[in-house]
């Protein structure tokens with residue numbers, strides 16, 4: 001599902017978030033909050049870059065799988081958000097279940113080295129967090145990432161598991177009464193996600209979670225950044241969508257670092273502070289953007305840059321994805337050994353992700369939230385101009401680890 005939002009939505013988001021938080025404050029008592037201990041760790045053979053590379057490989061797999069079910073449609077995913085939500089469950093898995101999780105996420109066996117690498121990756125992204133007013137002209141480009149484990153009242157996960165979550169993902173644990181108050185528990189999760197995404201993702205779960213819910217693992221991502229070189233002019237232009245040419249609002253006047261490899265072209269557009277970037281990727285004529293692979297992205301990243309002008313359509317996308325079937329087809333075990341959560345009879349009942357992306361002349365705002373539900377088993381003057389006037393891929397990333405924060409396939413920006 002793709003919903004086009006009118007420009008100017010940003011101004012109402014803070015008020016909407018406050019309304020959500022005030023409204024939920026009287027619904028029920030707040031959840032019990034606790035967390036494991038942050039254990040001292042030292043980087044070994046694995047680094048934050050290895051975690052980002054794993055997320056990119058997982059993201060390409062996920063993009064291919066979702067694109068196969070959405071032929072001719074726009075696709076907006078957050079590989080980092082999905083990988084993080086699943087990653088919160090990874091250390092709870094044992095034996096073959098853990099091995100299958102690692103294969104899907106492109107991660108090695110869970111170990112202190114991996115915990116240290118994920119912690120370094122988490123810290124690198126957390127360095128971009130800003131809790132002030134993002135509408136302030138002096139506000140920095142900002143990225144907020146939040147990880148949480150929500151457990152049914154009375155569940156006692158293994159201390160080692162909670163320590164790994166706190167150390168690797170800076171994740172807190174909140175207990176909710178899913179069995180007796182599933183609607184209030186769902187509202188609490190949704191309101192927290194709304195807060196974490198500054199009101200953009202208002203409801204991660206559209207329906208109350210079932211009373212058989214044992215645990216929910218969530219990740220939320222919010223990004224807001226202004227272009228280093230803003231677009232200075234916008235006018236109607238033709239865009240070669242799969243169903244024929246459509247008219248779009250094409251922005252111009254900006255510049256970026258252009259690269260070419262194997263017929264693919266990319267332009268990296270930095271944001272104002274240099275800590276975040278957008279990479280627009282144009283495939284060869286007649287090639288679907290979903291055909292991109294890690295080798296192509298690596299080749300583009302390694303190619304020598306040159307300054308180019310950029311013409312890019314305004315983008316406004318909002319989507320919701322049910323990902324469990326896609327992920328199980330990729331090899332994710334929906335059932336198995338998740339005993340570190342404190343129960344033996346557990347299955348993954350749903351994996352949901354909601355995403356939002358708005359790109360205009362000033363910059364970019366994006367948000368995503370992912371949830372994994374675990375239940376009882378019974379329940380300057382440029383040298384050239386690159387015009388993105390046909391389907392293309394847009395990646396949002398931080399410049400330190402190159403994590404795939406968002407990946408959008410834009411086939412029809414007028415939809």
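The values are calculated or read from the model by the stated rules, or taken from the named source; none is laboratory data. Keep in mind it's a predicted model, so treat the numbers as computed, not measured. Glycine also receives a Cβ, built like all others from the backbone with ideal geometry; neighbour counts cover every protein chain displayed.
Which condition number does residue 97 fail, the rest of (1) crowded, with 19+ Cβ neighbours inside 10 Å; (2) out of contact with any helix residue (DSSP H, G or I) (no Cβ under 8 Å at 6 or more places or on another chain); (3) within 23 Å of residue 295 (Cα to Cα) being met? Evaluating residue 97 over (1) crowded, with 19+ Cβ neighbours inside 10 Å; (2) out of contact with any helix residue (DSSP H, G or I) (no Cβ under 8 Å at 6 or more places or on another chain); (3) within 23 Å of residue 295 (Cα to Cα) leaves (3) as the failure. Within the stretch 271-310, the set of residues being more than 18 Å from residue 408 (Cβ to Cβ) and in a strand (DSSP E or B) comprises 306, 307, 308, 309. Just one of (1) within 19 Å of residue 281 (Cα to Cα); (2) in the same structural domain as residue 150 (by TED's automatic domain parsing) fails for residue 372. It is (1). Checking each residue of the stretch 247-254 against the condition of being outside the structural domain of residue 79 (by TED's automatic domain parsing), assigned to a strand (DSSP E or B) and buried (at least 22 other Cβ atoms within 10 Å of the Cβ) gives at least one match. Say whether the condition of being outside any loop (DSSP other than H, G, I, E, B) and more than 15 Å from residue 313 (Cβ to Cβ) is met by at least one residue in the stretch 389-396. There is at least one residue in the stretch 389-396 that is outside any loop (DSSP other than H, G, I, E, B) and more than 15 Å from residue 313 (Cβ to Cβ).
Out of all the residues in the stretch 206-252, which are over 25 Å from residue 269 (Cα atoms) and under 20 Å from the mean Cα position of the chain (by Cα)? If you could, list the steps in order and put the result at the bottom.
Start the filter on the stretch 206-252 by keeping residues that are over 25 Å from residue 269 (Cα atoms), which leaves 206-219, 242-245.
Residues satisfying the conditions are 206, 216, 217, 218, 219.
Is the stretch 35-44 home to any residue that is crowded, with 16+ Cβ neighbours inside 10 Å and farther than 19 Å from residue 145 by Cα? Yes, because at least one residue in the stretch 35-44 is crowded, with 16+ Cβ neighbours inside 10 Å and farther than 19 Å from residue 145 by Cα. So for the stretch 329-342 (the condition being within 30 Å of residue 276 (Cα to Cα), surrounded by fewer than 20 Cβ atoms within 10 Å (Cβ to Cβ) and out of contact with any helix residue (DSSP H, G or I) (no Cβ under 7 Å at 6 or more places or on another chain)), does at least one residue qualify? Looking for residues that are within 30 Å of residue 276 (Cα to Cα), surrounded by fewer than 20 Cβ atoms within 10 Å (Cβ to Cβ) and out of contact with any helix residue (DSSP H, G or I) (no Cβ under 7 Å at 6 or more places or on another chain), one finds none in the stretch 329-342, hence no.
If you check 326, 372, which single one turns out to be in contact with a helix residue (DSSP H, G or I) (Cβ under 6 Å, 6 or more places away or on another chain), crowded, with 22+ Cβ neighbours inside 10 Å and more than 30 Å from residue 253 (Cα to Cα)?
Working: 326 fails: crowded, with 22+ Cβ neighbours inside 10 Å.
That would be 372, the only listed residue that is in contact with a helix residue (DSSP H, G or I) (Cβ under 6 Å, 6 or more places away or on another chain), crowded, with 22+ Cβ neighbours inside 10 Å and more than 30 Å from residue 253 (Cα to Cα).
When the stretch 65-94 is filtered for residues that are surrounded by fewer than 19 Cβ atoms within 10 Å (Cβ to Cβ), part of a loop (DSSP other than H, G, I, E, B) and in contact with a helix residue (DSSP H, G or I) (Cβ under 8 Å, 6 or more places away or on another chain), only 94 remains. A count restricted to the stretch 208-223 and to residues that are surrounded by fewer than 20 Cβ atoms within 10 Å (Cβ to Cβ) and touching a helix residue (DSSP H, G or I) at 6+ places or on another chain (Cβ under 8 Å) stands at 3.
When residues in the stretch 141-192 are screened for being within 30 Å of residue 46 (Cα to Cα) and in a helix (DSSP H, G or I), 11 of them pass.
Report yes if some residue within the stretch 193-204 is in a loop (DSSP other than H, G, I, E, B), over 17 Å from the mean Cα position of the chain (by Cα) and surrounded by fewer than 22 Cβ atoms within 10 Å (Cβ to Cβ); otherwise report no. Let's see the steps before the verdict.
Taking the stretch 193-204 and keeping what is in a loop (DSSP other than H, G, I, E, B), we get 197-204.
Checking the rest, the ones that are also over 17 Å from the mean Cα position of the chain (by Cα) come to none.
Checking the stretch 193-204: not a single residue is in a loop (DSSP other than H, G, I, E, B), over 17 Å from the mean Cα position of the chain (by Cα) and surrounded by fewer than 22 Cβ atoms within 10 Å (Cβ to Cβ).
Going through (1) under 18 Å from residue 279 (Cβ atoms); (2) in contact with a strand residue (DSSP E or B) (Cβ under 9 Å, 6 or more places away or on another chain) one by one, residue 263 falls short only on (2).
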